[in-house]
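The structure appears right after this line, and notes come after that.
The values are calculated or read from the model by the stated rules, or taken from the named source; none is laboratory data. As the structure is a prediction and not an experimental result, all values here were calculated from the model. Cβ placement follows ideal geometry from the backbone for every residue including glycine, while neighbour counts extend to all protein chains displayed.
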Amino acid sequence: MMSLLGYTIFRVSQQRVQAIEIAIVAFGFAVAIVTLSRKERISFRYTVGWLMLSILSAAGGLLLPVIEPLSNKFQLDAFSLVGALAIIVLLSLCIQLSISISGLQRLLRKLNEDFALQKKEISDLRDSKQ
């Protein structure tokens, strides 16, 4: 700890500063997600998923000192390991979103087919009455 003109300056390692920065960015991301959710731009299901990603990011940033021995085992930098884990989580989220979109497209196609059949039946009934 140093004192400079009445101000106390704490010596903090660069790693801790980076971990705190990661946590702050993750918190800002979570606030943005909650804001979008309140405006009903994101459904509850996806809000939970993105908030979980934000929590994992913040935890990963704050747990860098714990992750470092594991990263040394794989001969990686701690940030590289956290980045790789984040990419895996993001890819998993993308796959889940692709599955959801595919299901919605299938439902939309079925709905359009049913609508077209009902429209044809109504048209046929009108033609038969005339």
### Query
over 26 Å from GLU68 (Cα atoms), surrounded by 13 or more Cβ atoms within 10 Å (Cβ to Cβ) and either touching a Ser or Thr at 6+ places or on another chain (Cβ under 7 Å) or at pLDDT below 75 (or both), is that true of THR47?
yes
### Query
For the stretch 75-96, which residues satisfy the criterion of being more than 22 Å from GLN14 (Cα to Cα) and free of Cβ contacts under 8 Å to residues at least 24 places away in the same chain?
ILE87, ILE88, LEU91, SER92, CYS94, ILE95
### Query
Just wondering, is there one or more residues in the stretch 59-68 that are loosely packed, with under 13 Cβ neighbours inside 10 Å and either over 17 Å from ILE20 (Cβ atoms) or modelled with pLDDT of 90 or more (or both)?
no
### Task
Identify all residues within the stretch 69-85 that are surrounded by 15 or more Cβ atoms within 10 Å (Cβ to Cβ), among the small types (Gly, Ala, Ser) and farther than 10 Å from ALA19 by Cβ; write none if there are none.
SER71
### Message
Restricting to the stretch 38-74, count the residues that are part of a helix (DSSP H, G or I), within 24 Å of GLN14 (Cβ to Cβ) and more than 13 Å from the chain's Cα centre (by Cα).
### Response
14
